[in-house]
Amino acid sequence: MKITDIKTWCVSPVRRNYVYVKVETDEGLYGIGEAYSCGPDLATVKTIEYFKDWLIGQDPLRIEYIWSMLYNYSRFPGGAIVDSAISGIDLALWDIAGKAANMPVWQLLGGKSRDKVWAYTGSGRGATTEEAVEKTQELIEKYGYTALKLFQHFSGDMPVDESRKKLADQYAAFRKALGDDFELGIDFHARNFEPYRAVWFAEAIREYRPFFIEEPIRMENIDQMAKLKDKLGAPLATGECLYTKFEFNDLLMAEGADILQPDILLCGGMTEARKIAAMAEAHYKVVAPHNPLSPLSTYINVHFAAAVPNFLILETHDHNMGNIPAANDLVTEVLRPVNGYLPIPDGPGWGVDLNFEYLDSLKYEPWHRPFAKKMDGSIDVV
């Protein structure tokens, strides 16, 4: 079997772009993958197209060989764009391998470590905390979630004490509404450069027992992350902005996190994600993948979660678990949580396909993260 063509889509059905990859072969089998939406998404598409010339004629089942070829022949360590492109291609190859073996990808990874996949959702968005709590309770009633991640309400455009109070009030409202047994994580979204400021915010919510505190500071300085970890009073989670086993090795060697959050669409695909999980297991760490993109990404992550013994919980959102029709139509079937757990698909490969006709009807839309400034007019982190 040989690779004959690689096709890409960069489409915006909801809120941001999704980048898809289709690898075709001379035996009629094809695989689908998804690359991370970093912002300059057309650059990711162009990188995949650049790799296409390297891949035509290659055996798609030589997944490790192809990963090494793309990574090493790129010469310089990849960043978000290159590693997203490699991830999308790698994931399409795993889909082909599953279809060729007539097995789900999780079976190729060693079989199921669990029967279902624990999932959490993001807090419902609302103009007020009360509205957000109400929308979240609707999600919980519909899908049975037992865990939730809140998003920070503090920023550099207000005084620190006001931000801390707003965060504490938000956390208290959710804890009161959902009870002590409900798991409540918090995502600081890397909005702090100073570790001491992260500690201030963590102290404001410590009494409510956070399930984890995600990205309490920017991720570039792993040594500072390690020094901060034991001061938070809750497990530190990070990893969505890290690439490959090499950067995760630095994080693990520094004891910089309790929960690792690789993004399979960014870190190097399934080939790298399973190695990162094994490295984490050797350090007694668990993995809770970052999963903010499309319904296909949820399928991919469920296969990973099914097979990995040290998996903890999977991130989901309205747009990738069946709650937004425009996103649901991207795939032939959507995975929806039942009593807070996602089912594990049994079909060959990912067990799902893309709706190519629908993809062809969609357009690319320029997208970037929100711009924000501090009280003095300098650039804030979002």
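Table for the structure above
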read-out	value
Hits in the range 143-163 (condition: out of contact with any Lys or Arg (no Cβ under 9 Å at 6 or more places or on another chain), surrounded by fewer than 18 Cβ atoms within 10 Å (Cβ to Cβ) and assigned to a helix (DSSP H, G or I))	D161, E162
Residue count for the range 115-133, restricted to those that are part of a loop (DSSP other than H, G, I, E, B) and surrounded by 15 or more Cβ atoms within 10 Å (Cβ to Cβ)	3
Lone unmet requirement of (1) within 26 Å of L251 (Cβ to Cβ); (2) of a type outside the set (F, W, Y); (3) part of a loop (DSSP other than H, G, I, E, B) for G351	(1)
Qualifying residue in the range 303-310 (condition: of a type in the set (G, A, S) and farther than 28 Å from K7 by Cα)	yes
Subset of the range 27-84 [of a type in the set (G, A, S) and surrounded by 14 or more Cβ atoms within 10 Å (Cβ to Cβ)]	G31, G33, A35, S37, G39, A43, S74, G78, A80, S84
Qualifying residue in the range 261-283 (condition: part of a strand (DSSP E or B) and either in contact (Cβ under 8 Å) with a residue 24 or more places away in the chain or among the polar types (S, T, N, Q) (or both))	no
Condition broken by G256, with the remaining ones in (1) surrounded by fewer than 21 Cβ atoms within 10 Å (Cβ to Cβ); (2) outside any helix (DSSP H, G or I); (3) more than 17 Å from the chain's Cα centre (by Cα) satisfied	(1)
Neighbours by Cβ (under 9 Å, 6+ apart or cross-chain): first from the range 66-78, β-branched (V, I, T); second part of a loop (DSSP other than H, G, I, E, B)	I66/Q58; I66/D59; I66/P60
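Conditions tested, residue by residue: (1) of a type in the set (S, T, Y); (2) farther than 25 Å from I213 by Cα.
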residue	(1), (2)
V287	no, no
S294	yes, no
T298	yes, no
V308	no, no
M321	no, no
Y341	yes, no
P345	no, yes
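Yes or no, residue by residue, for (1) of a type outside the set (S, T, N, Q); (2) at pLDDT 95 or above; (3) in contact with a strand residue (DSSP E or B) (Cβ under 9 Å, 6 or more places away or on another chain); (4) more than 16 Å from I264 (Cβ to Cβ):
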| position | (1), (2), (3), (4) |
| --- | --- |
| T25 | no, yes, yes, yes |
| S37 | no, yes, yes, no |
| G57 | yes, yes, yes, yes |
| I89 | yes, yes, yes, no |
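The values are calculated or read from the model by the stated rules, or taken from the named source; none is laboratory data. Bear in mind the structure is a predicted one, so any value in this text is a computation, not a measurement. Note: ideal-geometry Cβ built from the backbone for every residue, glycine included; neighbour counts use all protein chains shown.
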